[in-house]
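Structure first, then comments.
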Amino acid sequence: MAHAHDIASKFVVEAYDIHKSFGDFEALKGVNLTVAPQELVFIIGPSGSGKSTMLRCCNLLEQPSRGQVKITGEEITSRGVDINEVRQRIGMVFQQFNLYPHMSALGNVSLALRKVKKMARSEAEDRAHAALKRVGLADKAGNHPTELSGGQQQRVAIARAIAMEPDVILFDEPTSALDPELVGSVLEVMRELRESGMTMVVVSHEMRFARDAADRVIFMDGGLIVEEGTPERIFTDPRSDRLKSFLHSVTGH
Amino acid sequence: MERFLDQFFNLEVMARYLPDVAAGFVVTIQLALSVIVTGLLLGLLLAVIRAFQIRPVNWLIILFVDLYRALPPLVILIIFYFGLPFIGITMSAFVIAWIVLASVLAAFAEEIYWAGITSVNKGQWEAARSTGLGFTGTLFYVVIPQAIRMTIPPLTNRTIAITKNTALASVVTVEEMLTVAQTSLAYAANTSPLTMAAIGYLLIFFPLTMASRWVETRYAWKR
């Protein structure tokens, strides 16, 4: 999964001084984020803290009002950048899965391979089959999203992202829309990805997973990064009152 | 009862005028199919162009759509039929009826497709765009297929309603089924030709309604 771009920078994702306003509301007030190759960065924080907006600024689904985003050293916030080319290198997994309901799992995974990477159908489908196999859904290639459970749908969405062989995958609350008993299968896939060296940025409330799997945890509140550190440090030694009260509210003790 | 049968199901009259009504039946089918195909395609084309949000173009589309939806089709038909020769354009009555009805269908269809396009979840756009698919690719591969599936029921309703207006073409001398039936009715002093026309319309529009139901179930997906 190494790209030539990796050499240009020691970071896969760099975001500097990101601001984002929606009308009068300032969602981000100057956030810096760097993600090293093979790193799993977890972003936690209360709703409205700006964590999802920050994630969406990394592939310009949200255009920052101010600031700079670089992917493998290439500034993507500058004019004249072909964002469609850049996005092929940034996978994204959404809270609501956002699978294409009119296509089979295979169609969902192979669409961008065929229409963006311009692969022949057979080659694209081979790669899509491999991606589906990797998320444990080799036998569901022909099924439409409505025939799959939430957990299976989200794994198809992950397959759609990894089939593009991106430099980094952004996860926007990937398990928040799932029934509790389906969360495990998705986390299992994410854990496997992490072990295979995929660079990941995860916005999530899965604190146990963060503790187990993350290299670094970032706590955001009010559009700013309040604290960041190793999971150990964030969860056992929170320093700010805001993080303390947040951890208290999510863990319930 | 006998008088009723004689007036509406007079076999002798029916046999005499069957060739004429059959010829009108063919014209009606030709007109209906032309209107359906071109109207639905033009409507889709307009909705697709509108999706690109080019302001002056969108104003034109909205003007076209609102005009054609506001005016009764018969009024448009008469204006075109009697008006166009004055500006030096002569077309056969059939072509005028085709263009007018196809435009009316296109206007309604555009609004229906457009509603479908805008009702496709924003998440679909984001998912497709996040894989590097551009605006146009997302529109064609992800959004429009879903929009069309969603709009099949209202679209078929509207298509049938407007296609039935082929009967209006009788006003501008198109030799379609109703024209022929009315002429025959006058000659025979008997309404049986009209009965044949009614059966003819059923023969056309019953299969159409059934086909639309088949399309609805064929392309529906569970939500």
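Annotations for the structure displayed:
- Computed over the stretch B:1-94, Cα set: Rg, Dmax in Å: 20.7, 65
- Where N is the number of residues in the protein assembly as shown, Cα Rg divided by 2.2 N^0.38 Å: 1.34
- Nitroxide proxy distance, nm - points 7 Å out along Cα→Cβ at residue A:65 and residue A:239: 2.9 nm
- Excluding exposed DSSP-loop chymotrypsin sites (Phe, Trp or Tyr not before Pro) (at most 16 other C-beta within 10 Å), longest clean stretch of chain B: B:53-220
- Here's the list of aspartates and glutamates a cross-link from residue B:164 could span, going by alpha-carbon distance under 17 Å and ignoring same-chain residues fewer than 8 apart: B:175, B:176.
- Whole-angstrom Cα spans of the stretch A:15-150 along principal axes, big to small: 46, 33, 30
- Each part gets one Cα centre, and for the stretch A:172-249 versus the stretch A:151-166 those centres are 20 Å apart.
- Nonlocal Lys pairs with alpha-carbon distance under 14 Å, chain A (8 or more apart, or different chains): 4
- Convex hull volume per residue, computed on the Cα atoms of the stretch B:50-161, equals 124 Å³.
- Inter-probe distance in nm under a simple model that places probes 7 Å from Cα toward Cβ, at residue B:5 and residue B:29: 3.0 nm
- Cα convex hull volume per residue for the stretch B:87-223 (Å³): 131 Å³
- Each Cα pair under 8 Å and six or more residues apart adds its sequence gap; the mean of these over the residue count of chain B is a relative contact order of 34 percent.
Only the coordinates and a few stated rules stand behind these numbers; no lab work does. Bear in mind that the values here come from a model prediction, so they are computed numbers and not experimental data. As a convention, Cβ positions derive from the backbone with ideal geometry for all residues, glycine included, and neighbour counts pool all protein chains shown.
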